[in-house]
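*Asks:* Take this structure, written in structure tokens, and hold onto it; I'll ask about it next.
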Amino acid sequence: MTDAIALLVVVPIVLALAPIAFGRLWDRTGWLAALLAGLAHLGLALVVAATVFSTGRFTYAVGNYRPPFGIELVADGVSATLALLVSIVTLAVVVYARRAGPDTNEFYSGLLILTAGISGVFVTGDLFNLYVFIEITGLATYALVATGRSPAAALSSLKYLLVGTIGASLYLLGVGYLYISTGTLNMADLAATIPEVGYDSPLILTGFGLIVVGLAVKAALFPLHTWQPDAYADSPDSVTAYISALVSTAAAYALFRVIYAVFTPAFDAATPFALDALVILASVSVVVGSVLAVLQSDLKRMLAYSSVAQFGLIVAGFAVANATAVTGGLIHLVGHAIMKAGLFVGVGALAGVAGGRTVDDFAGVADRAPVTSAAFAILAFALVGVPPAVGFAGKWHIVLGAVEGGRWGVAVVAVVSTLLTLAYFARVVERMYFRDAAAEPAGDADGPPVDAPATDGALASDGGSGGSGVDVDPDDDASVTPEDGDGSAPDASAVSIEAKAVVVAAAVGAVVLGLFATDLVSVFEPVLEVYFE
Amino acid sequence: MIDLLSTHYNYLVFVALVGIGLYGVTASSNLVKKIIGLNVFQVGIFLFFVTSGYVDGAAPPVVGHGSGPFASPLPHVLILTAIVVGVSLTAVALALVVRIYDAYGTLDEEAIREVQLND
């Protein structure tokens, strides 16, 4: 049964070969392989979760080499939850990408390699192994960003590659410093040997700094975020949804493990300035990210800068270094993944109806796609932190922990960021619901959609009772759109049924997760108890 | 100072390579030169690992190959993995460069930015 934890990585990697091997025989191989891998991953993640909840933390020695020398995989409440998150997001994106594209065999191969890399980050208990998985994640992400048709996508991908590789290399250098001072790479073993070297040893402190900066590049904290808005804006919608949900999440999770499993809270007690610096970096990231998000007119860029702010908040929660704040950071990590993936799919789906991706294009879109718009609005308010959604639970614990730890700055920053988040989402939701569509709603989109939205827009301006008695609601005739998913979204006239399902599922998930936030807390509690004993 | 140079020159080379590499990535506006800089930067880090595993006069840790001190093979094995990662990254980067050159007809970052602004 403990083999399931290794299979979480092995199954997607093996199935990633299937589209390449059999794609010539049958061109739907990729989608089927991705769906199978997603379902298998979900099954394995459930097995791991069930084992964790019945027996507690368990480990797996790769190749039967005993842990301090061999590579160790570890499953506890946090990694099991995040493994489940990976399965769910993978399945959602596979369902969404079938219609929205890029629906090619190469895309699904890349997606599965990315799934394997991220799963590896979540289950490994070895610092060098973590580097390898971070680089697998990175390589697959660069390839997926470049699946965007525009030449700008290739340029964004190269920019991401240059910055991301430097980040990962700095992480590797930091691991090297820890290795030459302690002689081990196993996380649990490092936690025992670092105190023997001394927390204030220059090698240990430099190693910590290099690792934190390297992972902060990958998690896109300000000012190391420069790759992220371009990469999110220029990649296809399904890729953006996937990487925004999981790639930065993997880096933030790695940061959590490094701070608590390797350096432990005793390091914070001995050298408080290390985490103080991280708190400042994260707080600046929250404020600057939110302000930059308010300034954007392109919705994908706005959501990208919003991620800079939200990851700042998550890392601030980790850096406050008490159990409540770290719990909040972890809840927000899971919640942000679901909400941001749903929001990006929502933008992609609504952009087809609205004819563009800017805030102004979205004017009056709620009348033309009521269900998707409602789900989008719910997700937006969930990310703002309106109870009972999961965004509230995460921020509440972070603020509570910050107050407990006497870090008033973090508490203030969290509240300010909530207001700024409201500012940039409110103007989108306001345009969606309370503005009429522009004079020529599908002005630059040629072809069939010109008729339907125009009549619908007229109906809406008559009294906003769109769809009650008239059956031209374009949200419902998704099944007749002859879209073969070649990535050219703007000429879709309605929201596809897959996209609608994914956005609604994300909205429901965000609210349900918020209602069960106390259960999530009790899942994370045993893990944190070990660190904060 | 001279003492440091003669005993720790390998670490000084590591620092120099990392610095030259970072300078190459940031200062050059040519995308291929940026990738070369990235490679130099990574090689510096590889050198750090490999040189830290070197023990003067040590035997390989293989049964029947002399008696201690033994050199740990682990840093070298780690770097074999890291070299593979580096080669894959270079391959992906060069593939992207080919696509960028096809689209813009130049590899100069400034020139590409001008093309993008004109669009």
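The values are calculated or read from the model by the stated rules, or taken from the named source; none is laboratory data. From a predicted model like this one, the values you see are computed outputs, not experimental measurements. Counting neighbours? That spans all protein chains shown, and the Cβs are built from the backbone with ideal geometry, glycine included.
*Asks:* B:Thr81 versus (1) farther than 21 Å from A:Ile136 by Cβ; (2) in contact with a Phe, Trp or Tyr (Cβ under 9 Å, 6 or more places away or on another chain); (3) among the polar types (S, T, N, Q): which is the lone unmet condition?
*Replies:* (1)
*Asks:* Any idea which of B:Glu110, B:Glu114 is in contact (Cβ under 8 Å) with a residue 24 or more places away in the chain and more than 12 Å from every other protein chain (Cβ to nearest Cβ)?
*Replies:* B:Glu110
*Asks:* In region A:76-99, is there at least one residue being at negative phi, at pLDDT 85 or above and among the aromatic types (Phe, Trp, Tyr)?
*Replies:* yes
*Asks:* Taking into account only those residues within region B:52-69 that are surrounded by 13 or more Cβ atoms within 10 Å (Cβ to Cβ) and away from chain A (no Cβ under 14 Å), which is farthest from A:Leu178 (Cα to Cα)?
*Replies:* The qualifying residue farthest from A:Leu178 (Cα to Cα) is B:Ala59.
*Asks:* Of these, B:Leu5, B:Leu12, which one is loosely packed, with under 11 Cβ neighbours inside 10 Å and more than 12 Å from chain A (Cβ to nearest Cβ)?
*Replies:* B:Leu5
*Asks:* Taking region B:70-92 on its own, how many of its residues are within 10 Å of chain A (Cβ to nearest Cβ) and over 24 Å from A:Ala146 (Cβ atoms)?
*Replies:* 7
*Asks:* Okay, moving on. Take the residues in region A:143-156 that are buried (at least 23 other Cβ atoms within 10 Å of the Cβ) and touching a Ser or Thr at 6+ places or on another chain (Cβ under 8 Å); name whichever of them is nearest to A:Gln228 (Cα to Cα).
*Replies:* Filtering first and then ranking leaves A:Ser156.
*Asks:* Condition test on A:Ile331, is it farther than 29 Å from A:Phe434 by Cα and either in contact with a helix residue (DSSP H, G or I) (Cβ under 8 Å, 6 or more places away or on another chain) or in contact (Cβ under 8 Å) with a residue 40 or more places away in the chain (or both)?
*Replies:* yes
The rows are residues; the columns are (1) closer than 30 Å to A:Tyr60 by Cα; (2) not β-branched (Val, Ile, Thr).
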site	(1), (2)
A:Thr193	yes, no
A:Asp200	no, yes
A:Thr206	no, no
A:Ala216	yes, yes
A:Leu221	no, yes
A:Ala233	no, yes
A:Pro236	no, yes
A:Ala245	yes, yes
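*Asks:* Which of the residues spanning region A:397-429 are outside any loop (DSSP other than H, G, I, E, B) and at pLDDT below 85?
*Replies:* Within region A:397-429, none qualify.
*Asks:* Also, I was wondering about something else. Filtering region A:171-194 down to residues that are of a type outside the set (Gly, Ala, Ser) and over 18 Å from B:Pro75 (Cβ atoms), which residue is farthest from the chain's Cα centre (by Cα)?
*Replies:* A:Ile194
*Asks:* If I filter region A:170-180 down to residues being over 30 Å from A:Ala143 (Cα atoms) and at the interface with chain B (Cβ under 10 Å from one of its Cβ atoms), which single residue comes out as surrounded by the fewest Cβ atoms within 10 Å (Cβ to Cβ)?
*Replies:* A:Ile180
*Asks:* Would you check which residues across region B:22-31 are touching a helix residue (DSSP H, G or I) at 6+ places or on another chain (Cβ under 6 Å) and more than 9 Å from chain A (Cβ to nearest Cβ) and list them?
*Replies:* B:Gly24, B:Ser28, B:Ser29
For (1) of a type outside the set (Asp, Glu); (2) within 14 Å of the chain's Cα centre (by Cα); (3) part of a helix (DSSP H, G or I), each residue gets a yes or a no:
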{"position": "A:Leu224", "(1), (2), (3)": "yes, no, no"}
{"position": "A:Gln228", "(1), (2), (3)": "yes, yes, yes"}
{"position": "A:Ala231", "(1), (2), (3)": "yes, yes, yes"}
{"position": "A:Thr240", "(1), (2), (3)": "yes, yes, yes"}
{"position": "A:Val247", "(1), (2), (3)": "yes, yes, yes"}
{"position": "A:Ala252", "(1), (2), (3)": "yes, yes, yes"}
{"position": "A:Tyr260", "(1), (2), (3)": "yes, no, yes"}
{"position": "A:Thr264", "(1), (2), (3)": "yes, no, yes"}
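*Asks:* Ok, one more. From the residues in region A:17-64 that are under 17 Å from A:Ile113 (Cα atoms) and among the β-branched types (Val, Ile, Thr), which one is modelled with the highest pLDDT?
*Replies:* This residue is A:Ile20.
*Asks:* Something else: Pull up region A:65-75, narrow it to residues that are out of contact with any Asp or Glu (no Cβ under 7 Å at 6 or more places or on another chain) and not hydrophobic (A, V, I, L, M, F, W, C), then point me to the one that is modelled with the lowest pLDDT.
*Replies:* It comes out as A:Pro67.
*Asks:* Determine which single condition B:Tyr104 fails, assuming it passes every other condition in (1) within 12 Å of the chain's Cα centre (by Cα); (2) crowded, with 17+ Cβ neighbours inside 10 Å.
*Replies:* (1)
*Asks:* Mind listing whichever residues of region A:1-28 are surrounded by fewer than 20 Cβ atoms within 10 Å (Cβ to Cβ) and assigned to a helix (DSSP H, G or I)?
*Replies:* A:Ala6, A:Leu7, A:Val10, A:Ile13, A:Val14, A:Leu17, A:Ile20, A:Ala21, A:Phe22
*Asks:* Can you name the number of the only condition in (1) buried (at least 16 other Cβ atoms within 10 Å of the Cβ); (2) within 21 Å of A:Ala337 (Cβ to Cβ) that A:Arg99 fails?
*Replies:* Only one criterion in (1) buried (at least 16 other Cβ atoms within 10 Å of the Cβ); (2) within 21 Å of A:Ala337 (Cβ to Cβ) is unmet by A:Arg99, namely (2).
*Asks:* Now for a separate question. So which pairs qualify, if the first residue must be in region A:417-437 and closer than 13 Å to A:Val386 by Cβ, the second must be among the charged types (D, E, K, R), the Cβ gap must be under 7 Å, and the two must be at least 6 apart or on different chains?
*Replies:* The qualifying pairs are A:Thr418/A:Lys395.
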